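Each remark here refers to the structure printed beneath this line.
Just so it is clear, none of the values below were taken in a lab; they were calculated from the coordinates. On a predicted model such as this, the values are computed, not experimentally measured, just so you know. Glycine also receives a Cβ, built like all others from the backbone with ideal geometry; neighbour counts cover every protein chain displayed.
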Amino acid sequence: MRGDVAAEVTKLKQQDGADLLVHGRGLLGETLLRQRLIDVLDLSIVPVIVGHGKPFFRDRQAVKLKLAATKSFSKIVKLTYEPQY
């Protein structure tokens with residue numbers, strides 16, 4: 001995606017069809033969350049010890065999240081949050 005990401009995603013969200021899905025953590029997800037274009041955020045917790053991780057926001061900006069659901073699979077826990085813009 002090039003150009004104004006927020007404008008392009010807004011256009012896509014207005015079209016009929018399936019939900020938009022972004023995998024992983026990166027600049028696109030950070031941009032969409034900042035622009036208030038994410039409706040649901042699913043976080044999967046996988047028990048692996050790595051010593052440290054990457055913050056979702058590079059400048060450590062906080063976003064309030066409301067826990068909407070939890071689900072566990074074998075060794076993974078999925079947490080579903082709704083951003084509170």
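Tabulated data for the structure shown
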{"read-out": "Listed residue (VAL50, PRO83, GLY26) projecting farthest to the positive dipole end of the stretch 5-83, Cβ model", "value": "VAL50"}
{"read-out": "J(HN,Hα) series, the stretch 29-41, from Karplus relation 6.51 cos²θ - 1.76 cosθ + 1.60, nearest Hz, glycine and proline x", "value": "x, 4, 5, 5, 5, 4, 8, 6, 10, 9, 8, 9, 10"}
{"read-out": "Percentage relative contact order, the chain, counting C-alpha pairs under 8 Å, at least six apart", "value": "29 percent"}
{"read-out": "Approximate spin-label separation SER74-LEU20, in nm, with each point projected 7 Å along Cα-to-Cβ", "value": "3.2 nm"}
{"read-out": "Nearest 10 degrees, 0 to 90: helix 5-14 Cα axis against the chain principal axis", "value": "90 degrees"}
{"read-out": "Lysine-lysine proximity count for the chain, Cα under 27 Å, sequence distance 8 or more or distinct chains", "value": "15"}
